[in-house]
Amino acid sequence: MKMTPITVALGATLIFLSVALANVLIPSVVFRPPPTPNTRPYTAQELEGREVYVKNGCVYCHSQDTRPMDWGEGSGFAAQPGDYAYDSPHLVGSARNGPDLFREGGYHPDDWHWAHFENPRYTRPQSFMPSYSYIKGVERRNLIAYLQCLGGRMGTSRANQQRELKVNLVKYYEKGAGENVAYLNSTLPNDWLAMPNPEPVSRGSVERGRVLYVAYCAGCHGEHGDGRGPAKTYLNPPPMDFTLVQASGARPQEPTSGYHYDYRKNEVSAITNGAIYYVVLYGIPGSAMPQFKGQLPSEKIWDVGNYVGWAFMGWKMEPDSGRIEELAKLNKISKKDRKKPPA
Amino acid sequence: MSDTTYPAARVSFWERLDRPDSAALFGLISGAVWFAIGVIYGLTMSNELTTPDIFAGIPQLVFSRLRPAHVNMMLFGFLSTAFYGAWYFIVPRLCKTPLRSNRAANILLILWNLTIAVGTIALMNGDTQGKEYTEYPWYIDWPVEILLIVNAVIIFQTIAARVEPKLYVSLWYIGGSVIWIALMYCIGSVMWHPFTTYLGSDGHTHILWSNNASSLPAGVSNFQRTGAVTGLDDAVWNWFYGHNVFGLYITTGGIAITYYLVPKLTRRPLYSHLMSLIGFWAIALLYTNTGQHHLLQAPIPNWLKIVSIIGSISLFIPVFAFSTNLFMTMRGQWGQMLENTPLRFVLTGAFFYLAASFQGTIQSFMAVNRFVHFTQWTVAHAHLALLGAFGFIASGATLYMVPQIVRKPIWSRNFADVQYWLMLVGINGFFWALTAAGLAQASAWVTLGEQVTKAYPVVKPYFFLRSAFGGMIVVGVWMQLINVIQTVRQPAPRKDMDRYLSLSDLHEFAAPAGILDDPPVR
Ligand code: HEM
């Protein structure tokens, strides 16, 4: 074949254009999926938030494309073509350095997002998402409005549910720690409050729990369990101050059927081990307390609960190993760790 | 620039732009400078992933704004200018006629560099179209598109004026590349839609003049942002371009340089004309089809996915045609790789190209793609192809061509060798670290069904490794910049220069048609 400039130029152009016709022009004519019933147009505020999302390149770490196999992401609804009907530009994304955000709406309440953008390490100490503290005021509010509408109508209704639940949580928080815990306990299933702890409060468990606490909880609940982590400023209700929930040393995991806690009668650690388990597993909807369902396996949740109870709420450690030297050493450690922060 | 035929004092600015090969030199040096800046961006981002708060609160330096700046700088700053420089060097030599014209090419490069600099600042300020590889805002898109067209005109004018009747394979690829990029850039950036528009409550389409969306009234619909269409279709447009910009611009441009440099440096004729023919037409026909393999995990129509998978698999035809052709040219000559540094760069690049394409074919299988998609594996692949293959080829071209143009020996051969090894070890470590990170993420998500958030303590160590190996690459790239600048700044050429030039005798070369000579000086 003799190659001339004409052959090259014409051949290259024609091939390219015909493939472009097949690969983009034809799809843009025949591929016009109607919006799915779950999809609604964005409001002006959400569009403004989307603009912030685009400008700050969130798409480089967050996809918006749930697949049927992405068990942990979104609410288990795989993305449909019609879900994108109002998107311009598309934000499908090609990397998941962070979680998929296609069903993000209502996964966290607004104040969680507020603290998270200030610095993601506040709410998730291990995160490597950049701090977006420079997105301030109206811009951040718009961005959060956009995130809360992801997931279409379902996402919006989840977000609204969070807002409704928050009203009560704030009310009881303001009534003081005792009533707050009583209210929170009243929202938990009774069986769970009385759930016996399969994992004794042993030294090993507490040590493992400490690592987990620092990695997952300290940003909100504070290193000393006093609820004064850096995220506190942004959260309402603020994170639980465990040190207020004082304990008399009674074993909280004794099964009591039909458990009902009344803080006026009882000075025991009001938060039972079963309650911690449940709350860590599912979060407290309406408050910033997130769910750790997909992140912490069952044993780890018991461990972190044991640490919280032992370090901040006065639970007794169980001498499980029977080795005296270890216990002696432990005594030293626990004394140091138990020093209470100033009231 | 040392051309001693011009007494320095009387040279006007325009005359300087007319000097033979001045545009080539300009392009190659710009490429080296962009390369050196771009890797700093990369290293900064890498460190931000391990220590996220180093630049906390500075909008211009946040990871997600540096990323588009880095990617586009590498693509349109480094690789583009280096390739233009190399093309301006190759085309006149293969056509045996001066570039038409050096002045136009120089002006083009000045404007191009300005555009990319402004574009980078725009991206760091958050002024972006938000789609991968087409991030430049419309006021950058238009200059880029115009300059791309001018570039095509320069190349084709030179080819049309050629003295050598035969069209060497490099020229096909260069001609193809300049046409394809001009065509696809305007498709990818949806350039006919430069403004953000919406349908107001009055039923008319309005332009959103202010870039600040807070001027949006309530009740808008049909929102269409600058440089985008609406709906999932936008992703299809995006990735049609997003793949072709590599396949039909960077790949073909780099192949052109390889096809020129390998026979030239080894003084061996190209193995097979037929194979180059097959490779060229197959790449044109197949690469164009593969864009949608980036969307295999998104709900685009299945037929599009199938077309792209078939395209991706059949890509082994041009890839193997090219590689075989090249390696057969090298047969019996491999020892030269040890002595000749530019050749070593180019051939290593060719190997990486083969590896990246092989990997690409594998990861476009549905079963593999659902596993590795969204993970760092993709980032490893992208760097293997762009840095490993075409970064190396561009470096080789720079290290060979700059001394040729200024007619001075390379300033330090040791520098070039150390640079080679730093970059080689760097890209290998980088690649394997990210591949391992990607596999760790993939097995956590897909095999164990874990949440994305659970896997990041696992990938952190790999991010540290990436920073370490990235640091080696940065050092190598800066050594290249120093080497190039020092080469140009050296005192006037020495008599015994030929001894130092990587290839001394340009005329002795017996190419298939003896076409690889210097252009006649005007
Ligand atoms: C036979 C050749 C190739 C095939 C079949 C191929 C295939 C692919 C596929 C399937 C992906 C998407 C991975 C994913 O996100 O799941 C990908 C990504 C990528 N490829 Fe290739 N590839 C090939 C060669 C190349 C070459 C030569 C280059 C560079 C010049 C390149 C540059 C890239 C880049 C930059 C990405 C990342 C895109 C992103 O940001 O998501 N590829 N490739």
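The values are calculated or read from the model by the stated rules, or taken from the named source; none is laboratory data. Since the structure is predicted, the reported quantities are computational estimates derived from the model, not experimental observations. Because the Cβ atoms are built from the backbone with ideal geometry, glycine has one as well, and the counts that use them run over all protein chains shown. Note: accessible area is taken over every heavy atom of the protein model, side chains too, but ligands, DNA and RNA are not part of it. Shrake-Rupley method; radii C 1.70, N 1.55, O 1.52, S 1.80 Å.
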*How would you order B:377-385, B:442-450, B:84-92, A:151-159 from highest to lowest mean count of nearby Cβ atoms within 10 Å?*
B:84-92, B:377-385, A:151-159, B:442-450
_As a quick test, which of the pairs A:2/B:166; A:55/B:305; A:232/A:293; A:136/A:171; A:166/A:232 have an alpha carbon distance above 20 angstrom in this structure?_
A:55/B:305; A:232/A:293; A:136/A:171
*asked:* Which one, A:64, A:155, A:129, projects farthest toward the positive side of the charge dipole computed for region A:37-158 from Cβ point charges (K/R +1, D/E -1)?
replied: A:129
*Could you check how many percent of all C-alpha pairs in chain B are farther apart than 33 Å?*
40
_Net charge over other residues, Cβ less than 13 angstrom from the Cβ of residue B:364 (K, R count +1; D, E count -1)_ = +2
*Magnitude of the Cβ-charge dipole of chain B, K/R +1 and D/E -1, about the Cα centre, nearest 20 debye?*
1020
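Can you pull the mean other chain C-beta count within 10 Å for peptide B:301-307?
The per-residue average across the peptide is 3.
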*For region B:361-492, state the average projected area of the convex hull of the C-alpha atoms over all orientations, rounded to one decimal in nm².*
8.9
*Size of region A:37-158 along its principal axes in angstrom, Cα-based, largest extent first?*
35, 32, 25
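With +1 assigned to the C-beta of every Lys and Arg and -1 to the C-beta of every Asp and Glu, and no other charges, what is the dipole magnitude of the protein assembly as shown about the Cα centre in debye, to the nearest 20? Don't jump to the answer; show the numbers that get you there.
On the way: 69 positive and 57 negative charges, 280 e Å.
Its charge dipole is roughly 1340 debye.
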*Whole-number Å³ per residue for the convex hull built on Cα positions in region A:272-322*: 85
*Which value results when the Cα radius of gyration for region B:23-166 is divided by 2.2 N^0.38 Å?*
1.20
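How large, in percent, is the carbon and sulfur part of the accessible surface of chain B at a probe radius of 1.4 Å?
Ligands and nucleic acids excluded, carbon and sulfur give 67 percent.
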*With the convex hull built on the Cα atoms of the protein assembly as shown, state its orientation-averaged projected area in nm².*
41.1
*Taking the alpha-carbon centroid of each part, what is the distance from region B:146-222 to region B:110-125 in angstrom?*
16
*Environment charge at residue B:344 (Cβ cut-off 12 Å; Lys +1, Arg +1, Asp -1, Glu -1)*: -1
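Quickly estimate the mean residue ellipticity at 222 nm for chain B, helices only: each DSSP H run with n ≥ 4 gives -39500 (n - 2.57), and the total goes over all residues, rounded to 500. Write out the running numbers ahead of the final one.
Numbers: 20 runs with 323 residues, N = 522.
Computed mean residue ellipticity for chain B: -20500 deg cm²/dmol.
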_region A:54-70 and region B:354-410: distance between their alpha carbon centers, rounded to Å_ = 25
*Can you give the accessible area per residue of region B:23-166, in Å², using a 1.4 Å probe?*
28
_Shielded by partner chains, region B:162-197 residues - at least 20 Å² of accessible area, 1.4 Å probe, vs chain alone_ = B:162, B:167, B:172, B:179, B:180, B:183, B:187
*asked:* Working only with C-alpha atoms, what are the Rg and Dmax values of region A:113-248, expressed in angstrom?
replied: 17.3, 49
_For residue A:280, net neighbour charge (Lys/Arg +1, Asp/Glu -1) across residues whose Cβ lies under 13 Å away_ = 0
*Of B:94, A:25, A:315, farthest towards positive along the dipole that unit charges on Lys, Arg, Asp, Glu beta carbons give the protein assembly as shown*: B:94
*Show A:184, B:439, B:43 ordered by accessible area, largest first, where the area counts protein heavy atoms only and the probe is 1.4 Å.*
B:439, B:43, A:184
